[in-house]
1. Does any residue of segment 11-18 turn out to be within 21 Å of Ala98 (Cα to Cα) and not small (Gly, Ala, Ser)?
2. What is the number of the single condition among (1) at negative phi; (2) open to solvent by 20 Å² or more (accessible area, probe 1.4 Å) that Gly55 does not meet?
3. Determine, yes or no, whether Val47 is under 11 Å from the mean Cα position of the chain (by Cα), under 22 Å from Ser17 (Cα atoms), open to solvent by less than 60 Å² (accessible area, probe 1.4 Å) and not small (Gly, Ala, Ser).
4. Answer yes or no as to whether Thr91 is open to solvent by 60 Å² or more (accessible area, probe 1.4 Å), within 14 Å of the chain's Cα centre (by Cα) and modelled with pLDDT of 95 or more.
5. Just the residues that are among the basic types (Lys, Arg), open to solvent by 60 Å² or more (accessible area, probe 1.4 Å) and under 28 Å from Ser123 (Cβ atoms), please, taken from segment 58-86.
6. From the list Ser21, Ser17, Ser30, pick out the single residue that is among the polar types (S, T, N, Q), touching a Ser or Thr at 6+ places or on another chain (Cβ under 7 Å) and open to solvent by 20 Å² or more (accessible area, probe 1.4 Å).
7. In segment 9-26, what residues are out of contact with any Phe, Trp or Tyr (no Cβ under 8 Å at 6 or more places or on another chain) and of a type outside the set (Ser, Thr, Tyr)?
8. Take Leu11 and decide whether it is under 18 Å from Val122 (Cβ atoms), buried (at least 16 other Cβ atoms within 10 Å of the Cβ) and touching a residue at least 24 places away in the same chain (Cβ under 8 Å).
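The values are calculated or read from the model by the stated rules, or taken from the named source; none is laboratory data. Treat the numbers as computed from the prediction; the structure is a model and nothing was measured. Cβ coordinates were reconstructed from backbone atoms using ideal geometry, including for glycine residues, and neighbour counts include every protein chain displayed. Remember, those area values only see protein heavy atoms, side chains included, never the ligands or the DNA or RNA. Shrake-Rupley method; radii C 1.70, N 1.55, O 1.52, S 1.80 Å.
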Amino acid sequence: QVQLVESGGGLVQAGGSLRLSCAASGGTFSDFGMGWFRQAPGKERDVVAAINWSGGNTYYADSVKGRFTISRDNAKNTVYLQMNSLKPEDTAVYLCAARTDGGYYRTPGRYNYWGQGTQVTVSS
């Protein structure tokens, strides 16, 4: 059974930065495509960024392009989300997800495993 544990969330002022981590256990991490999603209260779960098994292909939502960077370290079984120039509208619970076929997808339903999430709050 694959388990995903996010960390690195917190409270930050607008313009600040945070780095989220998602540590995976179980399965073969280097086979997984990974995604970061976020969900604000009363809103749908939306993709933030996604990365394929090798890290050679990535996807970003338009709202975060140029500010966020997704990366992975297969030796550490960890995927990261570097978030810079944070805005109040980035406030949400951030969740990581794994897809066992190694691909990267924008749709939450394409992912097999999910973490519990970490809260990111950006104050104005």
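1. As a first pass, look at segment 11-18 and keep what is within 21 Å of Ala98 (Cα to Cα): none.
For segment 11-18, residues within 21 Å of Ala98 (Cα to Cα) and not small (Gly, Ala, Ser): absent.
2. All conditions are met except number (1).
3. Numbers: under 11 Å from the mean Cα position of the chain (by Cα): yes; under 22 Å from Ser17 (Cα atoms): yes; open to solvent by less than 60 Å² (accessible area, probe 1.4 Å): yes; not small (Gly, Ala, Ser): yes.
Yes: the conditions hold for Val47.
4. Here the answer is no, as Thr91 does not meet what is asked.
5. Here is the first cut: in segment 58-86, the ones among the basic types (Lys, Arg) are 65, 67, 72, 76.
Pick out the ones that are also open to solvent by 60 Å² or more (accessible area, probe 1.4 Å) and you get 65, 76.
Listed by number, the list holds a single entry, Lys65.
6. Values: Ser17 fails: touching a Ser or Thr at 6+ places or on another chain (Cβ under 7 Å); Ser30 fails: touching a Ser or Thr at 6+ places or on another chain (Cβ under 7 Å).
The match here is Ser21.
7. To start, the set of residues in segment 9-26 that are out of contact with any Phe, Trp or Tyr (no Cβ under 8 Å at 6 or more places or on another chain) comprises 10-18, 23, 25-26.
Listed by number, the residues that qualify are Gly10, Leu11, Val12, Gln13, Ala14, Gly15, Gly16, Leu18, Ala23, Gly26.
8. Numbers: under 18 Å from Val122 (Cβ atoms): yes; buried (at least 16 other Cβ atoms within 10 Å of the Cβ): no; touching a residue at least 24 places away in the same chain (Cβ under 8 Å): yes.
Spelling it out, it is not the case that Leu11 is under 18 Å from Val122 (Cβ atoms), buried (at least 16 other Cβ atoms within 10 Å of the Cβ) and touching a residue at least 24 places away in the same chain (Cβ under 8 Å).
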